[in-house]
């Protein structure tokens, strides 16, 4: 089996209301304009099975779920995502841009749910092997700002119903991972106005691409 081309797997992370999707669309358009093959996907989700699992995970009517159940459901969706979308597309030379990936599990289940990073890392190593995103863009916003934005979208999903402390733990975990792996992570202040955030994202993207020789 051919190895994934390096430098083509980019993920966007952040708590609710951080603005990930908007900024990801911006970079997708730049790649399309440059004639590059690009696949846009998300987690949990990305496949027929993954989207059904996403529906369960976010359904507010389900209510409480054991933290271990939540983590395993997410990794079940991720296993399918890796097998059906991410690995095949990387092997074909496409860019894969993903709205959240395993960093979200470290943040939400590892830190937010209190399961710890070791369990997440064990599952990560088992399913992904050496595969990691080449670039992780973390859109960072204060929890209060993010939740206000999420509320403005309408009814909260099961995760959005968590308390402020949960999201504070998740946000701290994201920032800690960026500190631990500064070569692959970039933090963008998502609390700025949209134009300023987009400008920062494009600048980071251009600098990273130049450094990678793309």
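Calculated FRET efficiency, residue 132 and residue 203, Cβ-Cβ r, R0 30 Å, to nearest 0.05? Don't skip to the end; give the middle numbers.
On the way: r = 23 Å, r/R0 = 0.77.
E(calc), rounded to 0.05, equals 0.80.
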Expected max-MSF residue from 157, 183, 99 in the GNM of the chain (alpha carbon, under 10 Å) is 183
A chain fully extended from residue 153 to residue 21 at 0.36 nm per residue, minus the present Cα-Cα distance, gains in nm 46.2 nm
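What FRET efficiency do you get for residue 195 and residue 72 if R0 is 45 Å and r is their Cβ-Cβ distance, rounded to the nearest 0.05? Before the final figure, lay out each step's value.
Values: r = 41 Å, r/R0 = 0.90.
FRET efficiency, residue 195 to residue 72: 0.65.
In terms of the Cα gyration tensor, with a ≥ b ≥ c the square roots of its eigenvalues, is the range 83-149 rounded because a/c is under 1.5, prolate because a/b exceeds b/c, or oblate?
oblate
Between residue 210 and residue 91, what length in nm is gained on full extension when 0.36 nm per residue of separation is reduced by their alpha carbon distance?
Values: separation 119, 0.36 × 119 = 42.84 nm, distance 2.21 nm.
Additional length available on full extension: 40.6 nm.
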Note on the range 149-214: alpha-carbon gyration tensor, axes a ≥ b ≥ c; rule is a/c under 1.5 for rounded, else prolate if a/b larger than b/c, else oblate; result oblate
The distance between the Cα centres of the range 87-129 and the range 166-182, in whole Å, is 14 Å
So residue 49 and residue 176, fully extended at 0.36 nm per residue minus their Cα-Cα distance, gain in nm 42.6 nm
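The numbers here are math on the coordinates, done by the rules we state, and not lab data. Computed from a predicted model, the values in this text were never measured in an experiment. Cβ coordinates were reconstructed from backbone atoms using ideal geometry, including for glycine residues, and neighbour counts include every protein chain displayed.
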